[in-house]
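Each remark here refers to the structure printed beneath this line.
The values are calculated or read from the model by the stated rules, or taken from the named source; none is laboratory data. Just so it is clear, the model here is predicted, and its values are computed rather than measured. Every residue, glycine as well, gets a Cβ built from its backbone with ideal geometry; the counts of neighbours run over all protein chains shown.
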Amino acid sequence: MSSEKSKVYFGSVQHGKVAQIACFSAKVDKITEMLIEQTPIAKKDKVAIKMHLGFNEGYQTIPVFFVRRLVEAVKKAGGYPFITDNPTAVYNAYKRGYTQETCGCPIIPIAGVKDGYTTSVKINFKGIKTLDLGGALKDADVLIDLTHAKGHGACGYGGAIKNLALGGYSGMSRWMKIHGVAQVDKYWDKEKGTPEHAKKLVDACPYGSLRYDEAQGNLIRNYHDCHQCFTCLEVDQGVGALKVPRESYSAFQEMMAIASSKVLETFKPEKVFYLTFLLQITTFCDCLGMGQPPVVNDIGVLGSKDIVAIETATLDLIKKEGLIEKAIPPFLKHVNLNADEDLHPFTRLHGPYKDPYEAVNFIEKLGLGTSHYELIEILSPEETAKMETAEKQFEGEPSFF
Ligand code: SF4
């Protein structure tokens, strides 16, 4: 682990005065400018902006307002930007306001129109040998990991690592291998568990995360929906057919670290930067395609050249901010609000085996950065409060510009 600290730039949503220079977009622009200055973008470099464009009824992804400004900044630096995400999100992105016209650049499916334009990368983790990396990433010269920070059912937190790890691959790799890794360690003993017992367990799970496959005689857990309430273990007492293996929850976190490290290996480290928006921080991720109440107040934006540092800073700021308790979805019956326990808000929501720092620790061990960071606030409310600013301008007459 390096003893040197990585810089993480922070722009707060809070402002020091009523002036454009003090507002949030000014901070986003300044941080973008600083990161572009530190990133050698050659003329005509193809710049992949990897973001999640959301699904269906979801409206809490990164506002197109900021995406457009980032695209313009990349163009100004001489790059040819394009936005990329999984094919379905790309094809229906227009429903959520993301189009070539609004964003200012093409929006390209990460693995081609039929999700088959990929390149195989070797991993060898838990018996899984390869993953199919999206060809659009392979083709790019520069990568901007543009992330919306929020909770996630499978691992507690969806951030910069998950944006690359899940979004950077074909659907088959994403679902069967990356999510599928949680199923590798066996947790159901067919010999001990009769179909009747399995059905009792299915009925007992308060989150509907167990199902029984009669044909295979197999009990299957949906790890995304499991809140580790351990009701199933209580019902299984005396039979011993079922496990809730801690290592299966960790396996997904480690797989995400591996998958995102493989994306990053296709770029020169200096040709990558990270921008994370800590706005509309919801319990579940944008893949669910629905609006949700934010469970943490809006915090701001972070930018860095170091994925480990920005992820650690994001999680630390969310932890410091804490949960808006009245916004917690009422169907989550096992949220741990015990203030005496030092838990991250996403662990409180999603259960004790879903520690959001875990993937970050794994990727740090892979040598992709450091969790030691220096948080540098840009245009802080204190700083902008003292700034001389232009007189406020209001509309005197209708203007088309
Ligand atoms: S631990 Fe709780 S949520 Fe998870 S499968 Fe068992 S009963 Fe369901």
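Pairs are defined by a Cβ separation below 7 Å, a sequence spacing of at least 6 or placement on different chains, a first member in region 220-241 that is on the phi < 0 side of the Ramachandran plot, and a second member that is within 7 Å of the ligand (Cβ to nearest atom) and among the small types (G, A, S); the pairs so defined are R221/S209; N222/S209; D225/S209; C226/S209; T231/A204; C232/A204; V235/A204.
Selection of region 278-295 for residues being closer than 17 Å to L349 by Cα and at pLDDT 95 or above yields Q280, I281, T282, T283, F284, C285, D286, Q292, P293, P294, V295. Looking only at residues in region 212-235 that are in contact with a helix residue (DSSP H, G or I) (Cβ under 6 Å, 6 or more places away or on another chain) and within 10 Å of the ligand (Cβ to nearest atom), the one that is nearest to L366 (Cα to Cα) is Y223. Within region 152-200, the set of residues being more than 14 Å from the chain's Cα centre (by Cα) and of a type in the set (A, V, I, L, M, F, W, C) comprises M172, W175, M176, I178, V181, A182, V184, W188, A198. Just one residue in the set Y249, Y223, Y274 is touching a Ser or Thr at 6+ places or on another chain (Cβ under 9 Å) and not in a strand (DSSP E or B); that residue is Y223. If you go through region 159-188 and keep only what is in a helix (DSSP H, G or I), within 23 Å of E247 (Cα to Cα) and not aliphatic (A, V, I, L, M), you end up with K162, N163, S173, R174, W175, K177, H179, G180, Q183. Evaluation of G238 against the conditions (1) surrounded by fewer than 17 Cβ atoms within 10 Å (Cβ to Cβ); (2) within 14 Å of the ligand (Cβ to nearest atom); (3) not in a helix (DSSP H, G or I) shows that the sole unmet condition is (2). Are any of the residues in region 189-205 assigned to a loop (DSSP other than H, G, I, E, B), within 8 Å of the ligand (Cβ to nearest atom) and under 20 Å from S250 (Cα atoms)? Scanning region 189-205, I find no residue that is assigned to a loop (DSSP other than H, G, I, E, B), within 8 Å of the ligand (Cβ to nearest atom) and under 20 Å from S250 (Cα atoms), so the answer is no.
Taking region 21-42 as the range and being in a loop (DSSP other than H, G, I, E, B) and under 10 Å from V74 (Cα atoms) as the test, only I41 passes.
Step by step: first the residues of region 353-396, then only those that are polar (S, T, N, Q) and surrounded by 12 or more Cβ atoms within 10 Å (Cβ to Cβ), then the one that is farthest from the chain's Cα centre (by Cα). Which residue is that? The residue in question is T389. Does any residue of region 133-155 turn out to be surrounded by fewer than 21 Cβ atoms within 10 Å (Cβ to Cβ), aliphatic (A, V, I, L, M) and over 17 Å from A257 (Cα atoms)? The answer is no; no qualifying residue exists. Among the residues of region 114-127, not a single one is crowded, with 24+ Cβ neighbours inside 10 Å, in contact with a Ser or Thr (Cβ under 8 Å, 6 or more places away or on another chain), of a type outside the set (K, R) and assigned by TED's automatic domain parsing to the domain that holds Q280.
Of the numbered criteria (1) assigned to a loop (DSSP other than H, G, I, E, B); (2) surrounded by fewer than 17 Cβ atoms within 10 Å (Cβ to Cβ), the one R211 fails is (1). Taken together, the residues in region 329-366 that are within 16 Å of the ligand (Cβ to nearest atom) and hydrophobic (A, V, I, L, M, F, W, C) amount to 4.
Scanning region 86-112 for residues that are aliphatic (A, V, I, L, M) and not in a loop (DSSP other than H, G, I, E, B) gives A89, V90, A93, I107, I108. G116 falls short of the stated requirement of being under 18 Å from the mean Cα position of the chain (by Cα) and part of a loop (DSSP other than H, G, I, E, B).
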